[in-house]
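Everything on this sheet refers to the single structure shown next.
The values are calculated or read from the model by the stated rules, or taken from the named source; none is laboratory data. What you see is a predicted model; the values in this text were computed from it and never measured. Every residue, glycine among them, receives a Cβ derived from its backbone with ideal geometry; neighbour counts consider all protein chains shown. Please note that ligands, DNA and RNA were not included when accessible areas were found on the heavy atoms of the full protein model with its side chains. Shrake-Rupley method; radii C 1.70, N 1.55, O 1.52, S 1.80 Å.
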Amino acid sequence: MIIRIVKMEIEPENVSAFVNIFKTNKNIIISFDGCQSVDLLRHINSQNIFFTYSIWDSEISINKYRESNTFKDIWSKTKPLFSKKAKAWSLKEI
């Protein structure tokens, strides 16, 4: 099992659009082979800083998703909304 955390800082005027994109695509992401869950979290003091917290069967599953047309489509809509480059971590529970 791999936990994937992605930090995204969104331009303040794009926050609503970003949240809508996530809500629209959450079930599509979860239905991707190897994805167990995905959630969107918001920083408690900075309303434009978000994290996705997802659980995957393996790093292979994450990479297949990242190479998929599904990811490319979602990312092409999301990336222009950022105020800074996204940061991502893949983690294993100890």
Problem - Where the Cα pairs of the stretch 1-51 fall when distances are cut into 10 Å bins, in % - result: 23, 51, 23, 2
Exercise for the section: Taking amide H positions as placed in the peptide plane 1.01 Å from N, state which residues far from SER83 in sequence (5 or more) or on other chains have amide H under 5 Å from it. Expected result: GLU9, ILE10, GLU11
Problem - Rounded accessible area per residue of the chain, 1.4 Å, Å² - result: 65
Practice task
Using a 1.4 Å probe and ignoring any ligands, DNA or RNA, find the accessible area of GLU9 and quote it in Å² to the nearest 10.
Solution key: 30
Problem - In Hz, Karplus ³J(HN,Hα) per residue of the stretch 8-14 (6.51, -1.76, 1.60; θ = phi - 60°; x = Gly, Pro) - result: 9, 9, 10, 4, x, 6, 9
Exercise for the section: Using R₀ = 41 Å, calculate the FRET efficiency as 1/(1 + (r/R₀)^6) where r is the Cβ-Cβ separation of TYR53 and GLU13; round to 0.05. Expected result: 0.95
Fill in the blank from the handout: Under the Karplus relation with 6.51, -1.76 and 1.60 and θ = phi - 60°, whole-Hz ³J(HN,Hα) for the stretch 21-35, x at Gly and Pro, equal 4, 4, 4, 5, 9, 3, 5, 5, 5, 4, 6, 5, 4, x, 8
Handout entry: Once exposed loop trypsin sites (Lys or Arg not before Pro) are cut out (DSSP; at most 14 other Cβ, 10 Å), longest piece of the chain
Key = 1-83
Exercise for the section: List the relative contact order of the stretch 1-73 as a percent without decimals, with contacts defined as Cα pairs under 8 Å and 6+ residues apart. Expected result: 40
Completion exercise
Rg/Rh over Cα atoms for the chain, Kirkwood Rh, comes to 0.95
Practice task
Rounded to the nearest Å, what's the spacing between the alpha carbon centres of the stretch 35-94 and the stretch 1-33? Just the number, please.
Solution key: 6
Practice task
Sequence neighbours fewer than 8 away in the same chain don't count; with that in mind, list the lysines whose C-alpha is under 22 Å from LYS64.
Solution key: LYS7, LYS23, LYS26, LYS72, LYS77, LYS79, LYS85, LYS87, LYS92
Fill in the blank from the handout: Inverse of <1/r> over all distinct C-alpha pairs of the stretch 41-94, i.e. the Kirkwood Rh in Å, gives 13.1
Problem - Choice from ASN27, ASN63, ASN45 with maximal GNM fluctuation in the chain (Cα, 10 Å cutoff) - result: ASN45
Completion exercise
Per GNM of the chain with C-alpha springs under 10 angstrom, the most fluctuating residue out of ILE55, ILE44, ILE28 is ILE44
